[in-house]
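The values are calculated or read from the model by the stated rules, or taken from the named source; none is laboratory data. No experiment lies behind these values; they were computed from the predicted model shown. Note that each Cβ is placed from the backbone with ideal geometry, even for glycine, and that neighbours are counted across all protein chains shown. Just so you know, the surface numbers come from the protein's heavy atoms only, side chains and all, with ligands and any DNA or RNA stripped out. Shrake-Rupley method; radii C 1.70, N 1.55, O 1.52, S 1.80 Å.
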Amino acid sequence: MHKFIRRNIAGYAFLLPWLVGFLLLAIGPILASLYLSFTKYNVINPPRWIGLDNYVFMFTMDDRFRKALSVTFTFVAISVPAKLCFALAVAMVLDKGIRAIGLYRALFYLPSILGGSIAVAILWRQLFNYDGVINALLRTVGIEGPYWLADPNYSLWTLVVLAVWQFGSPMLIFLAGLRAIPQDLYEAAEIDAAGPVRTFFAITVPLLAPVIFFNLVLQMIEAFKSFSGAFIISGGTGAPLDSLLFYTVYLFNEAFSFLRMGYASALAWVLLIIIAAFTAIAFWTSKYWVHYESQRG
Amino acid sequence: MAGVTLSEVRKAYGGLEVIHGVDLEVTPGEFLVLVGPSGCGKSTLLRMIAGLEEITDGTIAIGDRIVNDVPASQRILSMVFQSYALYPHMSVRKNLAFGLTNLRMPRPEIERRVAEAARILQIGELMERKPRQLSGGQKQRVAIGRAIVREPQLFLFDEPLSNLDAELRVQMRVELANLYNRLGTTMIYVTHDQVEAMTMATRIAVLSKGNVEQVGTPYELYNFPRNRFVATFIGSPKMNMIDAVATSGTAAFDDLGALPIAAADGPVSIGVRPEQVAIGGEGELTAEGTVSLVEYLGSEIFVHVRLASGRTLLAKADGKAPHKLGDRLPVAIRRENLHLFDAAGLALPRAA
Ligand SMILES: Nc1ncnc2c1ncn2[C@@H]1O[C@H](COP(=O)(O)OP(=O)(O)OP(=O)(O)O)[C@@H](O)[C@H]1O
Ligand SMILES: [Mg+2]
């Protein structure tokens, strides 16, 4: 054992900064937040143990919590499928062999790099303003655009569009998946008189299922966690009329606007459990629709 | 059942032409084998007939219909791929039924055809398995099954046996031949294996570098090759080739002696098949040499005889012949067994 450590000491030395960071910055806060979720804590006074009160309040009395859940679920339910469909559609076009494909891939991926940034959220806000570019464009074809951001009926849609616009990373994964489907299967299907739609649903989708599944789980988690867009566009409050009250925005408000750290911690843990549950459901259903080309299953 | 007519068919990838104006007439109900060395364009030609590859120039007709602009799905043909191309996520049954469902055939008819194919190919117990649970030979049967359920007017095969081991290959060859005899449908079969070509074909088309060198029955190709390429490509082991120069009606084939030949002055060559190099027999060309290698095949042996000039002649002899390494042997070739080729490699009338 001693020799083992001595031989590998350099390795551990290199690992140390990360390990320290991991313990201090990740595990530590995670455990601390679990503890805090059972307390009342306003940062100024020391945390006071209140048992399950935070959770009880959340599930029985907190209307804004319910609103936040409904906004977030709606967002996930619309933006994830929309984004995956769009990403797959673009990947299929690119797969058909466009010249200078590297350039296109970079161009299409760019929004994904930019999309999460504050600057783009601010830009988005400019675009969808009542006097913004989108409405100016609509006006040129004679359509009077609504108050995209101020009207609670539309505000969530601007964020869905923002999410779909960041289709780059699932698109690249789809593209790799499409490239992995043997060409001769498409040729066999062609000889077997399958039209394009039939080929898509009978060949492409089933053979792409593992990739679809992977993207679905990843994008779902990302959508549940999405924050900066809603935060910037709603001015940090979830306005208008709480229509952009994403779960994360609500959590942020509880923690840093109202300094209810204990309650915010409880909210964070509930979100974690929701994400874990949805991921588990996805995995559980996957055995009915995901075909893996391996010896197992 | 339908014939296929190719006229002046060309194919170019980018600027590079790989099929140079092929004319080929496949008569209804025949088993035509396209054979040639790797890269000569066999697959390309087959895929153009299938409709998987665009035709750069010329016309292809299936039956009376010119199909240049007809998509693969409407050409009413089946194709068996070298890689089998079975749908990995579908059971054997679904693999067989897939094409028929696409044609919106009634259920009972689909079931009848699938069951019939399963019976012919003896894959009844495999129907619920996925392709990955099948051996190579079983996959091959399923691929053929998928082709026959369609009851097409034309079958296309692209090296369907090349992924199988030698024994299975022989077995499947027989099965395919039986299938052909039973269905009587036109088949076009691509292979680079001339034994497969010889044993299965009613006619063979020999391809080289995007050109058809000769079309004929196996007998015609073996006995009357039109040029040097066909002569050496068909037949195993290869035909012996001996170069010479013709001067005023005779040519000297070094150790073997000289012969009067009907060729213009210039380089010529003669070819002779190993079974026609007689050890110790009679012939117009004779020489003596040393055995440099004996290949024993049981019923026959191949004897490599090195002549004084350093040239090696391959002779085929009975398996019981006593020849062994280092023996000195006389060899003889009869004039009527010679193939004569001119400078361009074209066959001249049988040695006059
Ligand atoms: N998609 C393509 N793009 C460019 N050239 C191609 C393409 N497909 C085939 N070729 C070229 O066309 C020629 C004929 O190819 P083909 O696949 O028909 O040969 P083949 O006779 O089937 O050979 P093999 O016995 O190795 O399968 C080759 O020189 C090949 O490099
Ligand atoms: Mg080929």
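Restricting to region A:162-180, and then to whatever is surrounded by fewer than 17 Cβ atoms within 10 Å (Cβ to Cβ) and not aromatic (Phe, Trp, Tyr), can you tell me which residue is farthest from the other protein chains (Cβ to nearest Cβ)? The extreme case among them is A:Ala176. For region B:69-87, the set of residues classified as within 21 Å of B:Ile19 (Cα to Cα), in contact (Cβ under 8 Å) with a residue 12 or more places away in the chain and out of contact with any Asp or Glu (no Cβ under 9 Å at 6 or more places or on another chain) consists of B:Val70 only.
Being within 16 Å of ligand 2 (Cβ to nearest atom) and either hydroxyl-bearing (Ser, Thr, Tyr) or on the phi > 0 side of the Ramachandran plot (or both) narrows it down to one of B:Ser73, B:Ser7, B:Ser78, B:Ser43, so name that one. So the residue among B:Ser73, B:Ser7, B:Ser78, B:Ser43 that is within 16 Å of ligand 2 (Cβ to nearest atom) and either hydroxyl-bearing (Ser, Thr, Tyr) or on the phi > 0 side of the Ramachandran plot (or both) is B:Ser43. For region B:152-169, a residue qualifies if it is at pLDDT 90 or above and either open to solvent by 70 Å² or more (accessible area, probe 1.4 Å) or aromatic (Phe, Trp, Tyr) (or both), and the qualifying residues are B:Phe155, B:Phe157. Of the set (1) open to solvent by less than 20 Å² (accessible area, probe 1.4 Å); (2) within 21 Å of A:Pro81 (Cβ to Cβ), all apply to A:Ser234 but (2). Can you find a residue in region A:187-201 that is within 18 Å of A:Pro81 (Cα to Cα), part of a helix (DSSP H, G or I) and more than 14 Å from chain B (Cβ to nearest Cβ)? Within region A:187-201, not a single residue is within 18 Å of A:Pro81 (Cα to Cα), part of a helix (DSSP H, G or I) and more than 14 Å from chain B (Cβ to nearest Cβ). Of everything in region B:53-69 that is of a type in the set (Val, Ile, Thr) and more than 20 Å from A:Ala189 (Cα to Cα), the residue that is farthest from ligand 1 (Cβ to nearest atom) is B:Ile66. So which residues in region B:13-52 are more than 9 Å from ligand 1 (Cβ to nearest atom) and out of contact with any strand residue (DSSP E or B) (no Cβ under 7 Å at 6 or more places or on another chain), if there are any at all? Answer for region B:13-52, where residues must be more than 9 Å from ligand 1 (Cβ to nearest atom) and out of contact with any strand residue (DSSP E or B) (no Cβ under 7 Å at 6 or more places or on another chain): B:Gly15, B:Thr27, B:Gly51, B:Leu52. Tell me yes or no: at least one residue of region B:192-202 is away from ligand 2 (no atom under 16 Å from the Cβ), within 30 Å of B:Glu116 (Cβ to Cβ), modelled with pLDDT of 90 or more and open to solvent by 60 Å² or more (accessible area, probe 1.4 Å). Yes - at least one qualifying residue is present in region B:192-202. Residues in region B:180-203 that are under 17 Å from B:Phe233 (Cα atoms), assigned to a loop (DSSP other than H, G, I, E, B) and not charged (D, E, K, R): B:His192, B:Ala201. Counting only residues that are of a type in the set (A, V, I, L, M) and either more than 10 Å from every other protein chain (Cβ to nearest Cβ) or within 16 Å of ligand 2 (Cβ to nearest atom) (or both), region B:98-107 holds 1 of them.
Annotation: of all residues in region B:204-239 being within 19 Å of B:Leu338 (Cβ to Cβ), surrounded by fewer than 20 Cβ atoms within 10 Å (Cβ to Cβ) and not aromatic (Phe, Trp, Tyr), the one that is farthest from ligand 2 (Cβ to nearest atom) is B:Asn223. The set of residues from region B:127-137 being open to solvent by 10 Å² or more (accessible area, probe 1.4 Å), in a helix (DSSP H, G or I) and away from chain A (no Cβ under 13 Å) comprises just one member, B:Gly136. Residues in region B:138-155 that are in a helix (DSSP H, G or I), more than 16 Å from B:Tyr189 (Cβ to Cβ) and within 11 Å of chain A (Cβ to nearest Cβ): B:Arg146, B:Val149. Given the condition among the small types (Gly, Ala, Ser) and within 16 Å of ligand 2 (Cβ to nearest atom), answer yes or no: does some residue in region B:50-57 qualify? The answer is yes, given that some residue of region B:50-57 is among the small types (Gly, Ala, Ser) and within 16 Å of ligand 2 (Cβ to nearest atom). Checking every residue in region A:193-202 against the condition of being within 22 Å of B:Thr101 (Cα to Cα), of a type in the set (Gly, Ala, Ser), at pLDDT 90 or above and surrounded by fewer than 20 Cβ atoms within 10 Å (Cβ to Cβ) gives at least one match.
The rows are residues; the columns are (1) among the polar types (S, T, N, Q); (2) in contact with a Gly (Cβ under 6 Å, 6 or more places away or on another chain).
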| position | (1), (2) |
| --- | --- |
| B:Glu167 | no, no |
| B:Tyr189 | no, no |
| B:Gly210 | no, yes |
| B:Thr217 | yes, no |
| B:Asn223 | yes, no |
| B:Lys238 | no, no |
| B:Leu256 | no, no |
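Selection of region B:267-324 for residues being open to solvent by 10 Å² or more (accessible area, probe 1.4 Å) and polar (S, T, N, Q) yields B:Gln276, B:Thr286, B:Thr290, B:Ser292, B:Ser299, B:Ser309, B:Thr312.
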